[in-house]
Amino acid sequence: MSGSLRENVGKKDAKKNRAEGKVPCVLYGGKSEVHFAANVKDFGPVIFTPYSHVINLTVDGKSYQTILQDVQYHPVTDEILHVDFLELQPGKPVIVSLPIRIEGVSVGVLRGGKLVKKFRKLKVKALPEHLPEEIKLNISNLDINDSIKVSDVTLDNVIFLDAPSGLVVSVISTRAVEETPVPGKK
């Protein structure tokens, strides 16, 4: 992704940039803030994806490794009004929300239970080089009334910031649950 430095910072300049099909942006986290504008069409693959991306940003010939920190939308038209980027510094931890991808088929769901996802993303703190694209959870062993909590999820060199007792995924009972015969009972 590339952008060009903004000459002026303010409402008039931002309005002019939006009229030209550009989005006013700010890059934080480095030695100084960098105010720039980028083409609105460049944001499609970056914003409208469930994955968190490390974005290589080029502003007037200088290259930065960044992540998308915040996006402001127009309340009526959903047009992108402003974007904040955070520059990644080697050796400096960053806080990011990572998407959860569920893998496998739960035993409890096959028996008629219902899979309930409480979290779509988990907030983590890690060095930029240790950040995965997503958190993969295998639910193959989940039976009815089983769950995976935040404290059950582990990744090397990653600290989870959500409440450890929070349920990420659970399989709950429904009316259509098959009863498994218990040996010795009739």
In the range 1-49, residue surrounded by the fewest Cβ atoms within 10 Å (Cβ to Cβ) [restricted to those that are closer than 26 Å to residue 90 by Cβ, of a type in the set (A, V, I, L, M) and over 22 Å from the mean Cα position of the chain (by Cα)] | 5
All positions within the range 27-58 that are at pLDDT below 85 and among the β-branched types (Val, Ile, Thr) | 46, 47, 49, 54, 55
Test: residue in the range 86-104 that is buried (at least 18 other Cβ atoms within 10 Å of the Cβ), under 30 Å from residue 20 (Cβ atoms) and in contact (Cβ under 8 Å) with a residue 60 or more places away in the chain = yes
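The values are calculated or read from the model by the stated rules, or taken from the named source; none is laboratory data. Keep in mind it's a predicted model, so treat the numbers as computed, not measured. For neighbour counting, all protein chains shown are included, and Cβ atoms are generated from backbone atoms with ideal geometry for every residue, glycine included.
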